[in-house]
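*Asks:* Structure provided below as structure tokens; questions to follow.
The values are calculated or read from the model by the stated rules, or taken from the named source; none is laboratory data. Predicted, not measured: the structure shown is a model, and the values here were computed from it. Reconstructed Cβ throughout: ideal geometry from the backbone, glycine too, with neighbour counts over all protein chains shown.
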Amino acid sequence: MGTTSASPSSSCCVAVATLAERRLLCNGMERKMEENTVRDVETESEAGGEDALVGNVNKLTVNPPGFSGNPRKGHLVFDACFESGNLGRVDYISEFEFDLFIRPDTCNPRFRVWFNFTVENVRETQRVIFNVVNFSKTKSLYRDGMSPVVKSTSRPKWQRLPAKNVYYYRCPDHRRNYVMSFAFCFDREDDVYQFAYCYPYTYSRLQHYLAGLERRNLPYLQREQLGLSVQQRRLDLLTITNTVALLSLTDQPSGSAASVFLPHASTQQTPEPTSNSHHAALLCCVSV
């Protein structure tokens with residue numbers, strides 16, 4: 001078995017799937033993909049009954065069917081009750097395979113993309129396969145080599161999973177929704193592992209950064225509250241221009257041009273790459 005690892009202080013040890021596990025992942029997946037490629041219509045999947053998930057899982061222990069008593073090592077505990085977390089349901093398939101259901105976007109149940117959750121109570125060298133079974137997107141970078149990110153309590157830097165351990169395909173067993181499956185090996189029993197669609201960018205991080213900008217009293221930047229979101233969160237409007245224009249901004253007639261910036265971040269399922277790109281653009285705009 002080959003492994004891809006980095007310094008224990010900087011990243012998680014990500015084990016490459018064994019030949020048997022890769023065969024297990026491929027067995028059925030290729031058949032399912034072949035059955036559906038002819039009619040692989042590029043449309044968004046509709047939300048249904050299994051997607052009507054009320055809230056995120058909260059320290060959910062997934063025991064084998066018929067098991068009673070205290071959870072043992074290797075009975076995984078899932079949690080997504082934190083900022084930017086998203087995991088609505090976990091189904092036990094076998095001791096090494098789990099189906100994961102993500103919750104839809106706020107006010108739009110048709111779109112299901114973002115996931116972010118933690119796993120604990122693992123067993124050392126325990127290997128698992130996670131299937132995120134209700135994606136709504138047909139076109140995904142997961143088809144072109146992108147992979148989820150992972151970190152753990154002892155190695156807090158995000159690291160991408162090996163692309164060879166990730167599969168993205170259409171599954172007839174889940175109403176022809178798109179499924180992303182990935183294999184992973186836990187290497188430390190005391191660690192809490194966190195998996196995400198990509199590098200998270202939280203609302204709190206955005207607000208902390210904007211508050212820091214405001215404290216700098218930059219002469220060419222003005223921060224205003226544009227309004228509130230449907231969840232009553234602040235929506236910011238940044239105006240970045242020269243000092244003279246900023247001083248006269250309040251005197252501009254309605255409809256006149258002004259340079260503005262609308263920063264945003266996700267508290268739940270919005271894909272994060274855009275938020276990170278906006279942050280980089282904002283850094284460039286306010287650099288001195």
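*Asks:* Buried (at least 18 other Cβ atoms within 10 Å of the Cβ) and among the acidic types (Asp, Glu): which single residue out of Asp173, Asp144, Asp191 fits that description?
*Replies:* Testing whether each residue is buried (at least 18 other Cβ atoms within 10 Å of the Cβ) and among the acidic types (Asp, Glu) leaves just Asp191.
*Asks:* Would you mind finding the one in Tyr199, Tyr178, Tyr209, Tyr168 that is part of a strand (DSSP E or B) and touching a helix residue (DSSP H, G or I) at 6+ places or on another chain (Cβ under 8 Å)?
*Replies:* Numbers: Tyr199 fails: part of a strand (DSSP E or B); Tyr178 fails: touching a helix residue (DSSP H, G or I) at 6+ places or on another chain (Cβ under 8 Å); Tyr209 fails: part of a strand (DSSP E or B).
Residue meeting the stated conditions: Tyr168.
*Asks:* So which of Phe96, Phe101, Phe78, Phe115 is modelled with pLDDT under 95 and either under 22 Å from Gln194 (Cα atoms) or of a type outside the set (Asp, Glu) (or both)?
*Replies:* Phe96
*Asks:* Quick check on this structure: which one of Phe101, Phe111 is touching a strand residue (DSSP E or B) at 6+ places or on another chain (Cβ under 8 Å) and surrounded by 20 or more Cβ atoms within 10 Å (Cβ to Cβ)?
*Replies:* Phe101
*Asks:* Return the residue satisfying two criteria in turn: it lies in the stretch 57-75 and is surrounded by 12 or more Cβ atoms within 10 Å (Cβ to Cβ) and touching a residue at least 60 places away in the same chain (Cβ under 8 Å), and of such residues it is nearest to the chain's Cα centre (by Cα).
*Replies:* Checking each candidate, the answer is Val57.
*Asks:* Which members of the stretch 76-107 meet the condition of being under 17 Å from the mean Cα position of the chain (by Cα) and part of a strand (DSSP E or B)?
*Replies:* If the condition is that a residue be under 17 Å from the mean Cα position of the chain (by Cα) and part of a strand (DSSP E or B), then Phe78, Asp79, Asn86, Arg89, Val90, Asp99, Leu100, Phe101, Asp105 are the ones that fit.
*Asks:* Further question on the same structure: For the stretch 134-187, what are the residues that are of a type in the set (Lys, Arg) and without any contact (Cβ under 8 Å) to a residue 60 or more places away in the chain?
*Replies:* Result: Arg143, Arg160.
*Asks:* Report yes if some residue within the stretch 141-159 is of a type in the set (D, E, K, R), within 25 Å of Glu83 (Cβ to Cβ) and out of contact with any Pro (no Cβ under 9 Å at 6 or more places or on another chain); otherwise report no.
*Replies:* Within the stretch 141-159, one or more residues are of a type in the set (D, E, K, R), within 25 Å of Glu83 (Cβ to Cβ) and out of contact with any Pro (no Cβ under 9 Å at 6 or more places or on another chain).
*Asks:* Name, by its number, the condition in (1) at pLDDT 95 or above; (2) in contact with a strand residue (DSSP E or B) (Cβ under 8 Å, 6 or more places away or on another chain); (3) assigned to a loop (DSSP other than H, G, I, E, B) that does not hold for Ser45.
*Replies:* Just one mismatch for Ser45, condition (1).
*Asks:* Continuing with the same structure: Starting from residues that are closer than 23 Å to Asp105 by Cα and at pLDDT 90 or above, keep the ones in the stretch 215-233 and report whichever is surrounded by the most Cβ atoms within 10 Å (Cβ to Cβ). Break it down into steps so the answer makes sense when it comes.
*Replies:* To start, the set of residues in the stretch 215-233 that are closer than 23 Å to Asp105 by Cα comprises 226-233.
Okay, now just the ones that are also at pLDDT 90 or above, so 227-228, 232-233.
Details: Gly227: 9, Leu228: 10, Gln232: 6, Arg233: 12.
Ranking the qualifying residues of the stretch 215-233, first place goes to Arg233.
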